[in-house]
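One structure is given below, encoded as C-alpha cells.
The values are calculated or read from the model by the stated rules, or taken from the named source; none is laboratory data. Everything numeric here is computed off the predicted structure, so don't read it as measured data. Glycine also receives a Cβ, built like all others from the backbone with ideal geometry; neighbour counts cover every protein chain displayed. Remember, those area values only see protein heavy atoms, side chains included, never the ligands or the DNA or RNA. Shrake-Rupley method; radii C 1.70, N 1.55, O 1.52, S 1.80 Å.
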Amino acid sequence: GIACVIADLAKQGIDVALPISEHLPFDLIAILDADRLSRVQVKYRAVKHGAVGVRLHNCASNAQGVYKKAVDRSKIDAYAIYCPETDEVYYIAMHDLIHLKGFNLRVTASKNCQSIGIRPGDDYLDARKELFGPSVTHRRLVAQLAVAAGFDPAGCRFEACHASQDTERVRMIEDAGC
C-alpha cells in the first residue's frame, strides 16, 4: 500500500519523506512546497459490501497476546487508504474523523440508493485538498484550541485555565465557525 500511495502523491505533485523508525504513528510525511507537512498513516483495504472501511485503532501483539490501541489523533494528520479493487488511493483528513471510531468510504452505489450519511470514495481522491486544503489548517487550529482550557466558542476567545479534551467542545467551536 505504501508504494501505491507514494506513486499517487508523486502524480499529484506532492513529495514524500519516509521515517526511519517503524514505531512512529505515521507511515510517511507528505510535503507540499517544502514547508507544508502532513503526517499520513497508510492503510491497505479491500472493498467489503461496496465500501472501504478503516477502524481508528491499531492492533499489535507481544508475549501477552494481541491488543488494540486507539489511534492518537494528535499524532497523525490524515489517512491514505489504497484499495486494490479500485486501484485508487483515498485520502481523509483527521479533522473529518473527530467524533468517529472508524469510517467507510462508499466505492459502489448502495443497493438501497441511500445517499444521506454516505461518504463517496470519489470525494476523497484529491490529496492536496485532504492533506493541505485551506480548511485543514483552520480545523487543526480549532481542534488544538478545543483541547486547550477555557476556549469560549461563543466569543471565539481563549483564556488559559485547565486542559480538557472534550469532543463536545470541539463540535461547539466548529459550529460557531471560529
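Among 93-99, 74-80, how do they line up from the highest to the lowest mean number of other beta-carbon atoms within 10 Å? Please list the in-between numbers first.
Numbers: 93-99: 18.0, 74-80: 20.6.
Ranked by mean Cβ neighbours within 10 Å, highest first: 74-80, 93-99.
Averaged over its residues, segment 1-147 has an accessible area of 59 Å² per residue, based on protein heavy atoms and a 1.4 Å probe. Measuring between their Cα centroids, segment 92-131 and segment 28-82 lie 15 Å from each other. Taking the accessible area of segment 1-105, probe 1.4 Å, and keeping the other protein chains in place, the carbon and sulfur fraction comes to 52%.
The lysines within cross-link reach of Lys129, meaning a Cα-to-Cα straight distance under 20 Å and a gap of 8 or more places when in the same chain, are Lys11, Lys43, Lys75. Once you list every other residue whose beta carbon is under 9 Å from the beta carbon of Ala51, what net charge do they have if Lys and Arg are +1 and Asp and Glu are -1? Neighbourhood net charge equals +3. Among the GluC sites (Glu not before Pro) within segment 14-96, those in coil by DSSP and having at most 12 neighbouring Cβ atoms inside 10 Å are Glu22, Glu85. Determine the gain in length on full extension of the stretch Ala70-Ala3; use 0.36 nm per residue of separation and subtract their C-alpha separation, reporting nm with one decimal. Taking Ala70 through Ala3 to full extension adds about 21.6 nm, to one decimal. In this Cβ point-charge picture (+1 for Lys and Arg, -1 for Asp and Glu), segment 1-106 has a dipole of about 580 debye about its Cα centre.
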